[in-house]
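Below you'll find the structure, written out as structure tokens, and then a few comments.
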Amino acid sequence: MALATSTLDPRLLDRLRKIRLLALDVDGVLTDGRLYFQADGVEIKAFHTQDGLGIKLLRRAGLQVAFITGRESPMVSHRAAALGVDHVFQGCEDKLATLRELCNRKGFELEQVAFCGDDLPDLAPIQRTGVGITVPGAPPYIRALADHVTERSGGHGAVREICDLLLEAQGHRDALIDTYLHGKR
């Protein structure tokens, strides 16, 4: 079961309440980190449907979402389009610089960003954003430097867990659940 906000450190909970943008690495966070290639060289990625709904719920609550990845893949563009994610940065070597540029354009401070990544290219944004998050499969030194480690693995609902934490911390979760209970989606 996902961690309830009531079990979080109150300082982390305060920081979660200020988040306006969730930025996500792709491989290892939105996917399980494995790369799948067909015989013809076409890359395939598997995305978790619960992560997708979590992203849609965040957007309905007024939060923005960005995908920031070091690799380039048409599958990332397709997934982002299907979820309505407008901020997609592929082939990104400096994720922190990309986040700073996006924040400048959108009028956010880095403290209003939660970032989830799983490896060394993600370390700077994990350390410099308002809430730095990683997944259980990240190397131990990345987990040690993150503010929060999800219970679920990348590609297996970790993003949904983050979305649920943000929605609960910001007071949106119950209203969104009610829309599903009463068919007012």
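The values are calculated or read from the model by the stated rules, or taken from the named source; none is laboratory data. Just so it is clear, the structure is predicted and the values come from calculations on it, not from any experiment. Don't worry about glycine lacking a Cβ; one is built from the backbone with ideal geometry, like all the others, and counts go over all protein chains shown. Heads up: the accessible areas ignore ligands, DNA and RNA and are worked out on the full protein's heavy atoms, side chains in. Shrake-Rupley method; radii C 1.70, N 1.55, O 1.52, S 1.80 Å.
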- Message: The conditions are (1) in a loop (DSSP other than H, G, I, E, B); (2) more than 19 Å from Phe67 (Cα to Cα); (3) out of contact with any Ser or Thr (no Cβ under 8 Å at 6 or more places or on another chain); (4) modelled with pLDDT of 95 or more, and Pro136 fails exactly one of them. Which is it?
- Response: (3)
- Hey, can you tell me all the residues within segment 14-43 that are open to solvent by 70 Å² or more (accessible area, probe 1.4 Å) and part of a strand (DSSP E or B)? Tyr36, Phe37
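Based on what the data block shows, is Leu166 touching a Leu at 6+ places or on another chain (Cβ under 8 Å), assigned to a helix (DSSP H, G or I) and more than 17 Å from Thr69 (Cα to Cα)? Lay out the reasoning, then the answer.
On the way: touching a Leu at 6+ places or on another chain (Cβ under 8 Å): yes; assigned to a helix (DSSP H, G or I): yes; more than 17 Å from Thr69 (Cα to Cα): yes.
Criteria met by Leu166.
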- So Gly52 fits all but one of (1) within 22 Å of Leu35 (Cα to Cα); (2) modelled with pLDDT of 95 or more; (3) in contact with an Asp or Glu (Cβ under 9 Å, 6 or more places away or on another chain); (4) open to solvent by less than 10 Å² (accessible area, probe 1.4 Å); what number is the exception? (3)
